[in-house]
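Taking it in order: structure first as structure tokens, then the write-up.
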Ligand code: SF4
Ligand code: SF4
């Protein structure tokens, strides 16, 4: 290992040495206006992530994925497994919004809001705190194992693990309620083995990511990272280097370009690239190189923005077009999806009703009467009790039914199953009779199910 950073090249991946081994990138700390805004946003997003399970709306956490009971609570709305098709609108809506943002602002999600970026920023703070700045860390990597190195490394990995465990427990609280999580934490792991295994695996994966995998996730694994080159064009914003202004580069006094080749932009880059070599897939748009270069320009009394947010057209001195067919298409599809989701969510019934014929023989003939039996299952999707009544439409006058008299009251998010028995004099059964079961809820909603009355047909 070497204590001096290598110059990035476009011919190799920055995180791999020539012999194929892992090369750790020790990015220097960048400070400036973008670093401050990114830190602020990271604090806000982390606070939202931690707080959502604590915020109660209609008696449930704001976001609660109760997989055990197949109920999903989202800001006061409750969905059950039968509503899973709505996920299509949610996922496609999120996808098209991300496409739109990328077409417009490049990898703004990666650099500002992606959990991987935010978690790694915290890990880098821990690393700086335990092992010093980038130069010290490179020296530590190259040095032999001493007591001091062992203590620093152990402290760093212990803090990574603690951070991973906290994140994993917060994630678990989205799937079990907070009181349940607290109760589980006070019992032995064996009593809640599935949850323990979940936390153990998530924390282990996070620790591996923070301690070793790191920026490789963005460079080689993340599918969105791979996709973004297909989403951006010459008008998409991105972090880039103004070649016209910077070149020819060189030390002050020997060049007419503004770049003094100080390599500060390379030293702060968390993916180890040199942005002056042009737009690259490895650039996550973290803006560290903008802050670094702006501070160099300030010291040289030159105007900032040698590295800046701009489009490829902008860097070439052309106008950046914000309204383009692809941005209109992506935002149009996202808006369409949002409208469809809103309409579908508003029309969701407060209950789910299913109707099945009792298994076994389809009908019974006894004492001149034909009998059919159905199971009516009513699932209350609201957080309050609802009373349901049953009507059977379209049957002949002589059709009688029992099993749902006076209605049933179903507890909040509860389920009731009733056996409904229908009888008809055999002489009245001239053909199979189509039936309409109508379940009416106390809040005025009507849900219909169809069935057929079967029996021996007397022509
Ligand atoms: S920080 Fe700015 S001046 Fe220094 S090498 Fe990078 S682009 Fe050039
Ligand atoms: S090139 Fe600049 S914006 Fe891109 S990852 Fe490196 S430091 Fe961040």
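None of the figures in this text is laboratory data; all of them are computed from the coordinates on show. Remember, it's a predicted structure, so these values are computed and weren't measured experimentally. Cβ placement follows ideal geometry from the backbone for every residue including glycine, while neighbour counts extend to all protein chains displayed.
Using alpha-carbon pairs under 8 Å, 6+ residues apart, how would you state the relative contact order of the chain in percent?
Once divided by the residue count of the chain, the mean separation gives 16 percent.
Could you calculate, for region 174-323, the ratio of the Cα radius of gyration to the Kirkwood radius, expressed as Rg to Rh?
A ratio of 1.20.
Based on alpha-carbon centroids, what's the gap between region 137-210 and region 261-302 in Å, whole number please?
33
Show me 355-368, 20-33, 288-301 ranked by packing, highest mean number of other Cβ atoms within 10 Å first.
Top of the packing list down: 288-301, 20-33, 355-368.
Take the alpha carbon atoms of region 364-409, find their center, do the same for region 418-459, and report the distance between the two centers in whole angstrom.
Cα centroid to Cα centroid, the span is 9 Å.
Report, as a whole number in µm² per second, the diffusion coefficient that Stokes-Einstein gives for region 353-459 at 10 °C and 1.306 mPa s using the Kirkwood radius over alpha carbon pairs.
Calculated translational D: 109 µm²/s.
On C-alpha positions alone, give me the angle between the axis of helix 33-51 and the longest principal axis of the chain, in degrees, nearest 10.
Rounded to the nearest ten degrees, it is 30.
Determine the equivalent ellipsoid of the chain by diagonalising the alpha-carbon gyration tensor, then write out the semi-axes as square roots of 5 times the eigenvalues, largest first, rounded to whole Å.
Square roots of five times the eigenvalues give 63, 28, 17 Å.
Arranged from highest to lowest average of other beta-carbon atoms within 10 Å per residue, in what order do the peptides 308-316, 449-457 appear?
Listed from highest to lowest mean packing, they are 308-316, 449-457.
When the helix-only estimate is applied to the chain (DSSP H runs of n ≥ 4, each -39,500 (n - 2.57), divided by the residue count), what is the mean residue ellipticity at 222 nm, nearest 500 deg cm²/dmol?
Rounded to the nearest 500, it is -12000 deg cm²/dmol.
Can you give me the angle between helix 193-208 and the longest principal axis of the chain, using Cα atoms only, in degrees from 0 to 90, rounded to the nearest 10?
With rounding to tens, the tilt is 20 degrees.
Specify the angular offset, from 0 to 90 degrees and rounded to the nearest 10, of the alpha carbon long axis of helix 86-105 from the longest principal axis of the alpha carbons in the chain.
Here the helix axis deviates by roughly 20 degrees.
Suppose a student asked you for the relative contact order of region 351-453, using Cα pairs under 8 Å spaced at least 6 residues apart; what percent would you report?
31
Considering Cα pairs under 8 angstrom that are at least six residues apart, work out the relative contact order of region 1-135 and quote it in whole percent.
For region 1-135, the relative contact order is 19 percent.
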